[in-house]
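The values are calculated or read from the model by the stated rules, or taken from the named source; none is laboratory data. Bear in mind that the values here come from a model prediction, so they are computed numbers and not experimental data. Quick reminder, even Gly has a Cβ in these numbers, built from the backbone with ideal geometry, and neighbours come from all protein chains shown. Protein only, heavy atoms only, side chains kept; ligands, DNA and RNA dropped before computing areas. Shrake-Rupley method; radii C 1.70, N 1.55, O 1.52, S 1.80 Å.
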Amino acid sequence: MYKNILAAVDGSELSAKAARHGAELAAKLGARLTIFHVVPPLPSFDNMSPSHVGNIHQDIVNEFLKQGREILRQTEEKLAGLGLDISTSITLGHPAEEICKKVEAGQYDLLVMGSRGLGQIKGYLMGSVSNRVCRHAKCPVLIVR
Ligand SMILES: Nc1ncnc2c1ncn2[C@@H]1O[C@H](COP(=O)(O)OP(=O)(O)OP(=O)(O)O)[C@@H](O)[C@H]1O
Ligand SMILES: [Mg+2]
């Protein structure tokens with residue numbers, strides 16, 4: 001049924017659980033799995049001089065990219081035993097928007113994600129990313145909680 005599954009991970013336990021769920025499904029169905037991470041935009045530093053901000057901004061972005069690659073590497077490593085065809089992908093941007101764009105660009109037929117992520121404000125069933133994505137994604141969305 002599903003041939004091309006996308007798992008969105010932010011480093012949270014729930015997203016790891018979602019990725020495992022997607023991986024087990026992919027293994028059963030003989031589907032491909034891509035694990036995807038988005039590095040969100042940094043706040044602007046409008047009140048600082050551009051010469052200062054240039055370097056600091058790039059250094060912080062590089063650090064987040066490094067962290068993101070590490071999240072992807074660890075997730076992939078944990079799923080290695082399933083004998084799957086796994087790819088990883090990382091990009092910069094607004095997570096919900098980038099996840100929806102990725103679904104279309106890669107012609108994924110299933111997206112798996114956690115109901116919540118790393119956000120500190122609990123109490124709602126869904127976070128802002130899962131909320132937006134499940135309303136806008138162009139493929140079925142499996143929300144793991
Ligand atoms: N930066 C990201 N890259 C990839 N996937 C993400 C990212 N952020 C969230 N997700 C996916 O969305 C799921 C839900 O996370 P979400 O961010 O909506 O909840 P939250 O962090 O608890 O709340 P909020 O971010 O609104 O404070 C995560 O489990 C993960 O699957
Ligand atoms: Mg979040």
| query | modelled with pLDDT of 90 or more and more than 21 Å from Asn4 (Cα to Cα): does that describe Leu65? | reply | yes
| remark: Of (1) more than 16 Å from ligand 2 (Cβ to nearest atom); (2) at pLDDT below 95; (3) more than 22 Å from Val141 (Cα to Cα), Arg73 satisfies every one except (2)
| message | open to solvent by 60 Å² or more (accessible area, probe 1.4 Å) and among the hydrophobic types (A, V, I, L, M, F, W, C): is that true of Ile35 in this structure? | response | no
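Per-residue answers, yes or no, for (1) within 13 Å of ligand 1 (Cβ to nearest atom); (2) of a type in the set (D, E, K, R); (3) surrounded by 14 or more Cβ atoms within 10 Å (Cβ to Cβ):
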{"position": "Gly68", "(1), (2), (3)": "yes, no, yes"}
{"position": "Ile71", "(1), (2), (3)": "yes, no, yes"}
{"position": "Thr75", "(1), (2), (3)": "yes, no, yes"}
{"position": "Lys78", "(1), (2), (3)": "no, yes, no"}
{"position": "Gly81", "(1), (2), (3)": "no, no, no"}
{"position": "His94", "(1), (2), (3)": "yes, no, yes"}
{"position": "Glu97", "(1), (2), (3)": "yes, yes, yes"}
{"position": "Cys100", "(1), (2), (3)": "yes, no, yes"}
{"position": "Leu110", "(1), (2), (3)": "no, no, yes"}
| Do the conditions hold for Gly22, that is, is it part of a helix (DSSP H, G or I), open to solvent by less than 60 Å² (accessible area, probe 1.4 Å) and closer than 19 Å to His94 by Cα? | no
| Does segment 90-132 hold any residues that are among the aliphatic types (A, V, I, L, M), more than 11 Å from ligand 2 (Cβ to nearest atom) and either modelled with pLDDT under 95 or closer than 16 Å to Ile35 by Cβ (or both), and which are they? | Ile90, Ile99, Val103, Ala105, Leu110, Leu111, Val112, Leu125
